[in-house]
Amino acid sequence: MNTIICYIEELLYEHDFVVIPTFGGFVAGYQSSRITPEGNIYPPQKEIGFNTNVQYNDGLLVQTMMEKQGISFSQASALLHVHIEEWKKELYREKNLHFGNIGSFTLTNTNVISFTPAFTNDFLCSSFGFYPLYLPQLSQELVYNQAPVFVDTVRAFTPEPISWSNTVRYIVASAAVILFFLFFPVQLTNIPIDSQAGVCGYRFTSAVSGNLSVDENERFEVVDNQQYKDSCIQKVNTLTTLNGVQQLPERFYIVIGSFQTERMAQRFVSELPAIFSSATIVFSENRYRITTASFETEQEGEYFLHTFQQNHPRFKDAWLLKK
């Protein structure tokens with residue numbers, strides 16, 4: 001008997017209507033998720049009903065028995081009829097018939113068969129494997145007379161002392177980095193002036209540096225810092241002549257370079273193209289300025305500076321010095 005009930009349960013997964021000939025038919029519909037007063041949430045499932053008025057044999061259950069047990073149609077029909085008669089006898093004798101995971105049948109005092117479906121089932125394939133979820137209800141009672149309790153969560157921080165071995169490691173690592181840069185300095189060679197930034201280091205070509213006995217680490221710098229330009233476009237109080245450096249009269253000068261030492265300034269001038277043969281070195285504010293032209297008025301100097309920067313992109317950072 002339990003085997004036939006298992007066949008019916010399998011059919012309810014795929015079908016919404018399963019008939020038991022001469023006994024009745026199960027009807028399945030969709031039942032949405034539910035929540036009980038206890039806080040249990042159940043997933044959607046099939047709502048199973050039973051209609052005793054359906055008595056005909058649609059062949060679905062018999063066909064399943066034939067495939068499962070490998071018997072003929074007549075044999076399956078006879079076997080099903082035997083089980084149905086046993087269900088009816090038990091129902092009339094016990095007044096109750098448990099029908100697997102589908103539900104249970106009850107015979108009333110008026111000999112009417114009543115069906116009660118199981119509270120939960122897993123016949124809905126889209127909800128297969130979902131289990132009820134318990135969600136306890138939050139209490140709405142508030143305690144007003146209880147004083148708040150504050151927990152001190154402030155923790156004292158005690159730094160861990162650094163061991164002497166770690167200190168030695170840091171010192172050795174720092175010394176190794178310093179020695180590396182002392183013995184292997186980063187050098188820039190054969191860099192064209194046009195590709196320099198406003199203020200940068202520059203390594204002169206080997207042809208020029210070979211003729212000059214100077215420190216190879218010396219660099220010249222071209223100033224493009226706007227704030228420094230503004231501070232330098234002002235009246236110069238002192239212009240001193242040093243070792244052939246010319247002292248110029250009070251005028252406006254186009255500056256294309258600025259250096260910390262005279263040797264670096266002379267180097268820069270020696271590498272300028274022939275069109276800058278009139279370049280002059282001026283010492284002003286502890287700097288050696290390289291000028292290419294001078295003017296009596298600021299308006300003339302500004303106009304020439306604009307044209308000069310357009311014609312000589314390599315000196316786009318040139319600026320106007322007012323003495």
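Per the Debye calculation on region 2-134 with a single equal scatterer at every Cα and no solvent contribution, log₁₀ I(q)/I(0) for q = 0.09, 0.18, 0.22 Å⁻¹ amounts to -0.30, -1.04, -1.35.
Each pair of Cα atoms in region 62-108 enters the Kirkwood radius, and Stokes-Einstein at 20 °C and 1.002 mPa s then converts it into a translational diffusion coefficient of 180 µm²/s.
Bear in mind these aren't lab numbers, they're just calculated from the coordinates by the rules spelled out. Note that this is a predicted model, so its numbers are computed, not measured.
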